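Everything on this sheet refers to the single structure shown next.
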Amino acid sequence: MELILYAILVFFIFNRLYASFGKVSVERELGFKAAEVKEILEKKVKTVDQFTYVAPGDLQGIVSAKKEIESLWKQDFSTDRFMEGAERAFEMFTKAFADCDLKVLSKLLSKKAFSVVSEKVAQRKIRGNTLERTLVALRSKNLIKLSVIKGVLYATVRFVSEQINVVRDDTGHILSGDRDTIEVIEDKWVFERSLKSPHNSWVVCEFS
């Protein structure tokens with residue numbers, strides 16, 4: 001809605017200037033092209049956090065933590081953009097864990113979490129088992145807690161997904177799961193990020 005209002009405002013100013021001074025004068029008066037207008041409008045909209053993935057009952061605590069984060073960072077923190085990244089991390093982890101891709105997993109997880117997950121991957125390899133995991137759909141994602149503890153930002157996210165999980169032995173025999181059965185799975189992840197610099201990356205530090 002805000003983008004539409006700004007677009008209407010720019011269009012109105014453009015037409016008034018055009019009528020008064022002509023096309024060449026308009027370009028000189030405005031001082032930027034259409035692409036630059038679009039960039040400015042998008043930047044303005046991006047600063048507005050809609051809290052799209054926050055339940056009403058969790059909103060007060062998260063807004064309070066958000067203000068603390070922005071005070072320390074001296075810049076905006078958007079829960080909406082964070083949750084978009086969290087969804088991407090969930091998708092990447094799901095595939096990497098099934099594929100035993102330790103390189104990707106090491107980038108997504110804290111050292112402690114990676115130690116636990118890599119051990120599970122190693123044990124699966126020792127047994128000669130393979131995991132076939134298909135993320136059918138992500139039903140929902142919600143930011144349920146946001147806190148700052150000793151200079152570290154923690155964000156707790158609940159994912160509800162539909163998955164197909166099949167474990168096979170080294171002969172291809174199915175040990176568990178069913179290719180035709182879709183499971184509804186609820187995961188709760190805790191992401192962490194140091195507040196020392198806004199350039200530090202988010203990592204997953206806890207699963208439940």
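Bear in mind that the values in this text are calculations on the coordinates, not laboratory data. This structure is a prediction, so every number in the text was calculated from the model and none was measured. Virtual Cβ from ideal backbone geometry, glycine too; neighbours counted across all protein chains shown.
Tabulated results
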{"quantity": "Estimated inter-spin distance, Val104 and Lys125, nm [label 7 Å along Cα→Cβ]", "calculated": "1.6"}
{"quantity": "Local net charge near Ser176, Cβ-Cβ under 13 Å (Lys/Arg +1, Asp/Glu -1)", "calculated": "+1"}
{"quantity": "Cβ crowding within 10 Å averaged over residues, with 137-149, 161-173 ranked highest first", "calculated": "137-149, 161-173"}
{"quantity": "Set Lys74/Lys141; Lys125/Lys196; Lys103/Lys188; Lys95/Lys196; Lys66/Lys120; Lys95/Lys141 screened for pairs whose C-alpha atoms are more than 29 Å apart", "calculated": "Lys125/Lys196; Lys95/Lys196; Lys66/Lys120"}
{"quantity": "5 angstrom amide H check on Val203, placed H, neighbours 5+ away", "calculated": "Glu192"}
